[in-house]
């Protein structure tokens, strides 16, 4: 059996939640093998991140290099090619960094690549059986992956539940000297933090959230009217921002805001995992969508198959009726 | 600037209820609405805007079958200078690496400063752009949501977590995968498509692009789909089946019960 490695994303000296999820995913490949954490970076943050992993990983490979102080995927790729053993299995979180790193890394390692993996059904001979989703999560697929010359596996964030942590006495091994000079034709300049919007959707108990099903900018008013009578805020999914119908600050999801309301009303939102990743705190989720196959119905508490453009005004009327105010 | 956009025609997931066929080895493709892969549409628009600012040409290429001419025609109507279909039976069953190998061979025959792909297609793999860059030894950046052309390089913004943006300088030639929302793609009507109806769309085969045939097709694929399935649900939503008015009343009761009314 090939060695299993987990690429650790870390910030400010702490490992990301994905570190524990990759450990759980590795156990689904082979429960008898302990995966090796690979941590790249520079300085005190790197040392602190390595130390924090000793409670869960039994072996931690540290790669310290000043050029890796910011994880530029082009440089990280070169470092990993230098240290990984032949035919390794490498697990990487399928986030903005993993999407940047892994496809090219698989080419340079001459390994197979399994992107956005949500399930692992184990190994049979040279083949790893994995589960993926396609068509926006409407259907799942089993994929057989030839791992005889290694594989890079991008794991969907949140798909694997972390198990109890193991030893507490992991060993940090310094592999920095295996990495030569790192040079790339892409250079990190800076990170620009998102501007705060007019409304802070993270502070609201009830969100009236709209997706592609709202169809036109003019229809956003239907959601605003409901939000007004409910005392809620309007949030949205990515297609609404892409179409410039709402500001980016209203977007819920992995590339937008993380919200923790009590009640989340999803109108015309299909339920892509990137959107669901932004909904935390287990709110009561009510979904209205005209497509009965929409993945949002798999995670909602209550669902209605209907046209949101018809249902929204009906619900607004019901609230006004209850409050005893007539329609404007 | 010579710009190449790699695009695909896909079933439109926002317009279709995707069903699995009886054999479980594919989706039901009869009566599906196909369209340009959405991120690819943004990539074409971005290429056209860059060309219009700095000059040059935009070529759009797709690896597929004759049905895919439809989107190439559409991209010519959007304003692309040239469209190429790469099609060959030996590509059947290729995985992402195989498609990237075909595109890499095509790129090596020409001269492109900038290669754009959409960030992902219907499989949600987000892989071909990064693989293509690695095969060509070009620098790569994914999830790009703005591009500024500077002297011999680009200043690009990547979409990272929480709406933040990561700014990078990247040397040319390079490969970028384009995120949706980077621009506002222009509308193409039937009239525009009719106007380019007579423009030639050359079709190239495996030997025309000079790809190593051992690198493509089902035999070379290391990742192979075994079947499609609908996962067993742990919970799933309680679906309300009554009239719209009754459903709305019940939703209101639920919102109130969960402490959602001020």
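The values are calculated or read from the model by the stated rules, or taken from the named source; none is laboratory data. What you see is a predicted model; the values in this text were computed from it and never measured. Don't worry about glycine lacking a Cβ; one is built from the backbone with ideal geometry, like all the others, and counts go over all protein chains shown.
The set of residues in region A:87-108 being more than 10 Å from chain B (Cβ to nearest Cβ) and more than 22 Å from residue A:20 (Cβ to Cβ) consists of A:87 alone. Looking only at region A:183-195, filter to residues that are part of a loop (DSSP other than H, G, I, E, B) and within 10 Å of chain B (Cβ to nearest Cβ); which one of those is nearest to residue B:176 (Cα to Cα)? Top of the filtered list is A:185. For region A:298-312, taking the residues that are more than 20 Å from residue A:223 (Cα to Cα) and at the interface with chain B (Cβ under 7 Å from one of its Cβ atoms), the one that is modelled with the highest pLDDT is identified as A:301. Scanning region A:264-282 turns up one or more residues that are surrounded by 22 or more Cβ atoms within 10 Å (Cβ to Cβ), out of contact with any helix residue (DSSP H, G or I) (no Cβ under 6 Å at 6 or more places or on another chain) and closer than 20 Å to residue B:250 by Cβ.
Residue A:153 versus (1) closer than 23 Å to residue A:33 by Cα; (2) surrounded by fewer than 24 Cβ atoms within 10 Å (Cβ to Cβ); (3) at pLDDT 95 or above: which is the lone unmet condition? Every condition holds for residue A:153 apart from (2).
The criterion of at least 2 residues that are within 14 Å of chain B (Cβ to nearest Cβ) is met by the following strands (runs of 3 or more DSSP E) wholly inside region A:112-180: A:112-117, A:119-124, A:127-134, A:139-146, A:151-155. Scanning region A:235-248 for residues that are more than 11 Å from chain B (Cβ to nearest Cβ) and surrounded by 23 or more Cβ atoms within 10 Å (Cβ to Cβ) yields a count of 3. Residue A:258 passes every criterion in (1) closer than 28 Å to residue B:125 by Cα; (2) within 11 Å of chain B (Cβ to nearest Cβ); (3) crowded, with 22+ Cβ neighbours inside 10 Å apart from (3). Of the numbered criteria (1) part of a helix (DSSP H, G or I); (2) within 14 Å of another protein chain (Cβ to nearest Cβ); (3) surrounded by fewer than 24 Cβ atoms within 10 Å (Cβ to Cβ), the one residue B:103 fails is (3). With a requirement of 1 or more residues that are in contact (Cβ under 8 Å) with a residue 40 or more places away in the chain and closer than 20 Å to residue B:16 by Cβ, the strands (runs of 3 or more DSSP E) lying completely within region A:205-297 that satisfy it span A:263-267, A:284-289.
When residues in region B:1-31 are screened for being within 27 Å of residue B:102 (Cα to Cα) and touching a strand residue (DSSP E or B) at 6+ places or on another chain (Cβ under 8 Å), 16 of them pass.
When B:108, B:53, B:73, B:82 are checked against the criterion of being within 24 Å of residue B:179 (Cβ to Cβ), surrounded by fewer than 24 Cβ atoms within 10 Å (Cβ to Cβ) and more than 11 Å from every other protein chain (Cβ to nearest Cβ), B:53 stands alone in meeting it.
If the condition is being farther than 16 Å from residue B:49 by Cα, crowded, with 22+ Cβ neighbours inside 10 Å, more than 7 Å from chain A (Cβ to nearest Cβ) and free of Cβ contacts under 8 Å to residues at least 40 places away in the same chain, then region B:117-156 contributes only B:138. Restricting attention to region A:156-197, the residues that are over 24 Å from the mean Cα position of the chain (by Cα), surrounded by 17 or more Cβ atoms within 10 Å (Cβ to Cβ) and within 30 Å of residue A:119 (Cβ to Cβ) total 1. Taking residue B:162, is it over 24 Å from residue A:193 (Cβ atoms) and over 22 Å from the mean Cα position of the chain (by Cα)? So residue B:162 fails the test. If you go through region B:167-196 and keep only what is in contact (Cβ under 8 Å) with a residue 40 or more places away in the chain and out of contact with any helix residue (DSSP H, G or I) (no Cβ under 9 Å at 6 or more places or on another chain), you end up with just B:172. Residue-level analysis places residue B:235 among those that are within 9 Å of chain A (Cβ to nearest Cβ), surrounded by fewer than 13 Cβ atoms within 10 Å (Cβ to Cβ) and either within 25 Å of residue A:141 (Cβ to Cβ) or in contact with a helix residue (DSSP H, G or I) (Cβ under 7 Å, 6 or more places away or on another chain) (or both). Considering only residues in region A:1-15 that are crowded, with 16+ Cβ neighbours inside 10 Å and modelled with pLDDT under 95, the one that is nearest to residue A:87 (Cα to Cα) turns out to be A:2.
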